[in-house]
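Engineer: Structure below; questions to follow.
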Amino acid sequence: MLDREGFRPNVGIILLNAHNEVWWGKRVREHSWQFPQGGIKFGETPEQAMYRELEEEVGLRAEHVKIIGRTRDWLRYEVPDHFIKREIRGHYRGQKQIWFLLRMVGRDCDVNLRMTEHPEFDAWRWHDYWVPLDVVIEFKRDVYQRALQELSRFLSKPPHGHSNTRYLRQSHPPKKSGDIANQGKKNQHE
């Protein structure tokens, strides 16, 4: 199902753990990694498609996650011709996606990459929130940037002991060496 401009409706999923790290999947028999994503079937809402894709690709059900946010509008990317099958070239241009930000409330052992006969991923790991921008395939980079940036407003501070200021794009002035020495003395008395 393509729209008039040749874009296939699709959902993208950014799954967070308790430390605001993102779930990152390795595509079967490839050396490329990406977020879970998939097409919206006729009659499905984006949310229904997201839950279906989450279960098919990652093995998680609705009770394993909580929706934190979603993009306001469709985000589009064009697929280079050499990645498009010959029979649909000229009609298909790429994907238009609604992105969901989910918090995993289940456990890592709930992930099951073998839910279907044709799995999408054969490995996975947790990554810092912004790392996927450095390693995703080039033609998806702009959409990943826009999705991560728009959805970053929903992030909460990570639990104590896992502070990474890059999550919230906060800047802190560098500490002076005297401040560091005084901080060490302060911590000894607490």
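The values are calculated or read from the model by the stated rules, or taken from the named source; none is laboratory data. Model, not experiment: these values are computed from the prediction. All Cβ positions, glycine included, derive from the backbone under ideal geometry; neighbour counts span all protein chains shown.
Engineer: Which members of the stretch 1-51 meet the condition of being touching a Ser or Thr at 6+ places or on another chain (Cβ under 8 Å) and crowded, with 18+ Cβ neighbours inside 10 Å?
Structural biologist: From the stretch 1-51, those touching a Ser or Thr at 6+ places or on another chain (Cβ under 8 Å) are 20, 26; that's our starting set.
Selection gives ASN20 alone.
Engineer: Would you mind stating whether LEU155 is closer than 26 Å to ARG52 by Cβ and at pLDDT below 95? It would help to see each step written out before you state the result.
Structural biologist: Numbers: closer than 26 Å to ARG52 by Cβ: yes; at pLDDT below 95: yes.
So LEU155 fits the description; yes.
Engineer: Pairs needed: first member in the stretch 34-56, free of Cβ contacts under 8 Å to residues at least 60 places away in the same chain and basic (Lys, Arg); second member anywhere, part of a helix (DSSP H, G or I) and crowded, with 16+ Cβ neighbours inside 10 Å; C-beta distance under 9 Å; at least 6 residues apart or different chains.
Structural biologist: So the pair list comes out as LYS41/ALA49; LYS41/ARG52.
Okay, residues lined up against (1) closer than 17 Å to LEU15 by Cβ; (2) among the hydrophobic types (A, V, I, L, M, F, W, C):
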{"site": "PHE83", "(1), (2)": "no, yes"}
{"site": "GLU87", "(1), (2)": "no, no"}
{"site": "ARG93", "(1), (2)": "no, no"}
{"site": "TRP99", "(1), (2)": "yes, yes"}
{"site": "PRO119", "(1), (2)": "yes, no"}
{"site": "LEU133", "(1), (2)": "yes, yes"}
{"site": "VAL143", "(1), (2)": "yes, yes"}
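Engineer: So, one more: Scan the stretch 108-145 residue by residue and report those that are surrounded by 16 or more Cβ atoms within 10 Å (Cβ to Cβ), assigned to a helix (DSSP H, G or I) and among the aromatic types (Phe, Trp, Tyr).
Structural biologist: Hit for the stretch 108-145 is TYR144, nothing else.
Engineer: Do we find a residue being in contact (Cβ under 8 Å) with a residue 40 or more places away in the chain, within 19 Å of the chain's Cα centre (by Cα) and under 20 Å from LEU133 (Cα atoms) anywhere in the stretch 58-67? Working first, answer last.
Structural biologist: First pass over the stretch 58-67, keeping only residues in contact (Cβ under 8 Å) with a residue 40 or more places away in the chain: 58-60, 63-65.
From what's left, within 19 Å of the chain's Cα centre (by Cα): 58-60, 63-65.
Filter again for under 20 Å from LEU133 (Cα atoms), leaving none.
No, the stretch 58-67 contains no residue that is in contact (Cβ under 8 Å) with a residue 40 or more places away in the chain, within 19 Å of the chain's Cα centre (by Cα) and under 20 Å from LEU133 (Cα atoms).
Engineer: Report yes if LEU133 is in contact with a Phe, Trp or Tyr (Cβ under 8 Å, 6 or more places away or on another chain) and free of Cβ contacts under 8 Å to residues at least 60 places away in the same chain, otherwise no.
Structural biologist: Details: in contact with a Phe, Trp or Tyr (Cβ under 8 Å, 6 or more places away or on another chain): yes; free of Cβ contacts under 8 Å to residues at least 60 places away in the same chain: yes.
Judged against the criteria, LEU133 is a match.
Engineer: Scan the stretch 93-107 for residues that are surrounded by fewer than 21 Cβ atoms within 10 Å (Cβ to Cβ), under 13 Å from GLN37 (Cα atoms) and touching a helix residue (DSSP H, G or I) at 6+ places or on another chain (Cβ under 6 Å) and jot them down.
Structural biologist: Correct list: empty.
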